[in-house]
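The values are calculated or read from the model by the stated rules, or taken from the named source; none is laboratory data. Since we're looking at a predicted model, the values are computed, not measured. Cβ: placed from backbone, ideal geometry, glycine included. Neighbour counts: every protein chain shown. Surface areas here come from the heavy atoms of the whole protein model, side chains and all, with no ligands, DNA or RNA. Shrake-Rupley method; radii C 1.70, N 1.55, O 1.52, S 1.80 Å.
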Amino acid sequence: MTKKENKKKPFTLFNNETGQSVELPVLMGTEGPDVLDIRNLYKDTGLFTYDPGYTSTASCNSAITFIDGNKGILHHRGYNIKDLANKSDFLEVCYLLLHGDLPSPEDKQKFENVIQRHTMVHEQLVNLYRGFRRDAHPMAIMVGVVGALSAFYHDSTDFSDINQRMIACHRLIAKIATIGAMAYKYSIGQPFVYPKNNLSYCENFLHMTFSVPTEDYIINPKISKAMDRFFILHADHEQNASTSTVRLAGSSGANPFACIAAGIASLWGPAHGGANEAVIKMLEEIGDISRIPEYINKAKDKNDDFRLMGFGHRVYKNYDPRADVMKITAHEVLKELNMEDDKLLKIAIELEKIALKDPYFIEKQLYPNVDFYSGIILKALGFPTSMFTVLFAIGRTVGWISQWKEMIEDPINKIGRPRQLYSGKKARQYEIVESREKKSIFQWLWKN
Ligand code: CMC
């Protein structure tokens with residue numbers, strides 16, 4: 001079924017030079033700004049639009065997540081993220097994102113069973129891990145292993161079949177936690193730990209990550225709850241860089257495992273999912289509350305590349321609601337672990353306080369984002385910083401796969417193919433090498 005397109009009075013674009021005018025349909029979403037429908041613009045005018053970074057472009061029609069960045073609102077399928085973080089659990093949110101509604105008690109149980117029964121990975125996948133250097137970044141391992149899943153699970157790559165499509169979704173949600181835990185175990189030289197089906201999703205993840213065969217591992221329910229909340233807060237965030245990457249890769253018909261691997265690669269960058277790792281590095285570098293003003297000045301200095309990591313967001317021009325929950329959770333976790341005097345937390349709180357009063361941050365509407373406090377929680381739980389983005393990827397996998405599924409099921413789905421404003425050389429004649437200038441134009445290439 002075609003997604004409903006509610007239209008308003010069209011918008012008229014007038015070209016002063018040619019006197020030509022064109023009417024652009026205006027589409028209304030259920031919430032958020034209306035959008036100009038420019039699908040026929042090139043056909044009607046011969047013009048493209050130019051929007052690097054897609055700051056004003058809606059690339060798809062989606063019913064999964066709604067963000068009002070000015071008000072600091074985030075809803076999944078109409079539910080407020082704070083309600084979901086405080087009252088729901090991660091697997092229920094996974095069901096909600098995938099299927100559009102909260103599950104009935106019976107469906108909740110069934111969904112949990114299905115995910116639990118997909119947590120093991122093919123035993124031969126272990127050989128793939130062994131091919132990586134021990135000091136490989138776990139995100140590098142994640143990109144490789146998740147991409148390789150399509151070589152192991154052929155029976156769920158024909159996504160034109162709804163059953164195979166759903167199996168691929170379930171496998172990815174279930175196995176991503178196992179794959180992430182294995183990446184950690186491999187990096188520290190400990191044996192892989194198999195999942196246990198009597199544990200909840202987060203308990204299982206903690207068990208696979210922190211237990212060793214020689215000792216009993218007791219799961220602290222408060223820590224498991226914090227982990228669950230972390231995954232909920234990262235579950236989806238509409239058309240961010242990694243999700244758009246997943247959609248773009250999927251639009252060509254690539255299989256879902258390959259698409260999620262592409263999403264993981266995109267997430268890795270410090271401007272996106274890598275920011276949680278960068279926040280801890282920054283707080284450690286600041287080292288003491290007395291040095292905060294120095295770093296605030298660096299962040300404001302146009303000639304310095306330094307930015308306050310965990311601050312600012314393309315969409316939120318207000319406090320990121322996820323950061324709010326994360327801050328409260330950081331306090332809860334540190335209290336539970338008797339780490340309330342944590343030095344990094346103190347620096348973070350003071351840094352936030354100073355930045356929020358500073359005219360530069362006020363004027364540019366830069367507030368803490370989800371990554372600002374998340375690293376403090378993860379560090380307290382015992383994860384090395386290199387694992388932080390892996391944890392983000394585990395939580396976000398359900399969002400990626402739900403967006404991928406929505407795209408595949410959308411009849412308007414077309415291969416993603418942006419256009420460009422060409423600024424290169426105009427057509428010119430080819431010269432044979434003997435007749436070209438003698439001097440190398442790439443001297444820097446040959447320096448070494
Ligand atoms: N510290 C200092 N100045 C900043 C910061 C910051 N963290 N963020 C933005 N600015 C300034 C920037 O220099 C620019 O100033 P001017 O207008 O004078 O050139 C202005 O604010 C707008 O910045 P922008 O880079 O054009 O904004 P953007 O929407 O393209 O970038 C962002 C958004 C998140 C990449 C950016 O705020 C940033 O680099 N933040 C730090 C990294 C970070 O925390 N990333 C996690 C994002 S949330 C999790 C996720 O979605 O993955």
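Observations on the model:
- Our coupling estimate for the stretch 225-242, obtained by passing each phi through the Karplus curve with A = 6.51, B = -1.76, C = 1.60 and θ = phi - 60°, is 5, 5, 5, 4, 5, 4, 5, 4, 5, 9, 4, 7, 7, 6, 8, 5, 4, 6 Hz, Gly and Pro reported as x.
- Accessible area in the full protein assembly, largest first, 1.4 Å probe, for Arg428, Arg77, Arg322: Arg428, Arg77, Arg322
- Here the calculated FRET efficiency for Glu437 and Asp161, from their Cβ-Cβ distance with R0 = 41 Å, stands at 0.10, rounded to the nearest 0.05.
- Dipole of the stretch 307-421 computed with +1 at Lys/Arg Cβ and -1 at Asp/Glu Cβ about the Cα centre; of Leu308, Ile362, Leu421, farthest Cα towards the positive end is Leu421.
- For the stretch 323-392, diffusion coefficient by Stokes-Einstein and Kirkwood Rh (Cα), 25 °C, 0.890 mPa s, µm²/s: 191
- P(r) for the stretch 33-97, from all Cα pairs and a bin width of 10 Å, is 16, 37, 24, 17, 6, 0 %, short bins first.
- Taking amide hydrogens as placed 1.01 Å from N in the peptide plane, the amide H of Phe132 sits under 5 Å from that of no residue at least 5 positions away in sequence or on another chain.
- Among the listed pairs Lys225/Lys379; Lys298/Lys335; Lys71/Lys414; Lys281/Lys364; Lys298/Lys353; Lys43/Lys405, those beyond 22 Å (Cα-Cα): Lys298/Lys335; Lys71/Lys414; Lys281/Lys364; Lys43/Lys405
- Considering only Ile432, Ile412, Ile141, the Gaussian network model of the chain with Cα springs below 10 Å gives its largest mean-square fluctuation to Ile432.
- Distance between the pseudo-spin-label points of Asn80 and Ala63 (7 Å out from Cα toward the beta carbon): 2.4 nm.
- R0 of 30 Å, Cβ-Cβ distance Lys9-Asn70: FRET efficiency to nearest 0.05: 0.75
- Computed from backbone phi with θ = phi - 60° and the Karplus coefficients 6.51, -1.76 and 1.60, the 3J(HN,Hα) list for the stretch 44-52 is 7, 10, x, 10, 9, 9, 10, 8, x Hz; x is used for glycine and proline.
- Cα extents of the stretch 129-233 along the three principal axes, largest first (Å): 44, 32, 25
- For peptides 147-153, 65-71, 307-313, sequence by mean Cβ density within 10 Å, most packed first: 307-313, 147-153, 65-71
- By accessible area with a 1.4 Å probe, ligands and nucleic acids excluded, highest first: order of Tyr42, Tyr79, Tyr95, Tyr316: Tyr42, Tyr79, Tyr95, Tyr316
- Averaged per residue, the stretch 70-193 has 45 square angstrom of accessible surface, using a 1.4 angstrom probe with ligands and nucleic acids left out.
- Size descriptor, Kirkwood hydrodynamic radius, that averages inverse alpha-carbon separations across the stretch 209-363, Å: 18.2
- Rg(Cα)/(2.2 N^0.38 Å) for the stretch 50-159, N = residue count: 1.44
- Accessible-area value, Thr245, 1.4 Å probe, nucleic acids and ligands omitted, Å²: 40
- Compactness relative to 2.2 N^0.38 Å, alpha carbon Rg of the stretch 169-279: 1.19
- Ser104 accessible area, 1.4 Å probe, all protein chains in place, Å² to nearest 10: 50
- What a 1.4 Å probe finds exposed on the stretch 1-132 is 51% carbon and sulfur by accessible area, rounded to a whole percent.
- Spatially proximal aspartates and glutamates relative to Lys108 (Cα-Cα < 13 Å; intrachain offsets below 8 disregarded): Asp89, Glu92
- When GluC sites (Glu not before Pro) are flagged only if DSSP places them in a loop and at most 15 other Cβ atoms lie within 10 Å, the longest unflagged stretch of the chain comes out as 216-339.
- Between the alpha-carbon centres of the stretch 27-99 and the stretch 334-378 there is a gap of 28 Å.
- On the basis of the beta-carbon distance and an R0 of 45 Å, Met120 and Ala271 show a calculated FRET efficiency of 0.80.
- Here Lys439 is the anchor, and the lysines within straight C-alpha reach of less than 21 Å, apart from those fewer than 8 places off in the same chain, are Lys425, Lys447.
- Built amide H within the under 5 Å cut-off of Arg77, gap 5+: Thr65, Phe66
- Here Lys196 is the anchor, and the aspartates and glutamates within straight C-alpha reach of less than 14 Å, apart from those fewer than 8 places off in the same chain, are Glu112, Asp216.
- Longest to shortest principal axis, alpha-carbon extents of the stretch 133-192, angstrom: 40, 16, 15
- Along each principal axis, Cα extent of the stretch 293-448, largest first, Å: 74, 50, 36
- In Hz, Karplus ³J(HN,Hα) per residue of the stretch 79-89 (6.51, -1.76, 1.60; θ = phi - 60°; x = Gly, Pro): 9, 5, 4, 5, 5, 5, 5, 8, 10, 9, 9
- Rg/Rh for the stretch 375-432, where both radii come from Cα atoms and Rh is the Kirkwood radius: 1.34
- Contour excess over end-to-end distance, with Cα ends at Glu285 and Asn220 and 0.36 nm allotted per residue: 20.3 nm
- Summarised in one figure, the compactness ratio Rg/Rh of the chain, Cα atoms and Kirkwood Rh, is 1.00.
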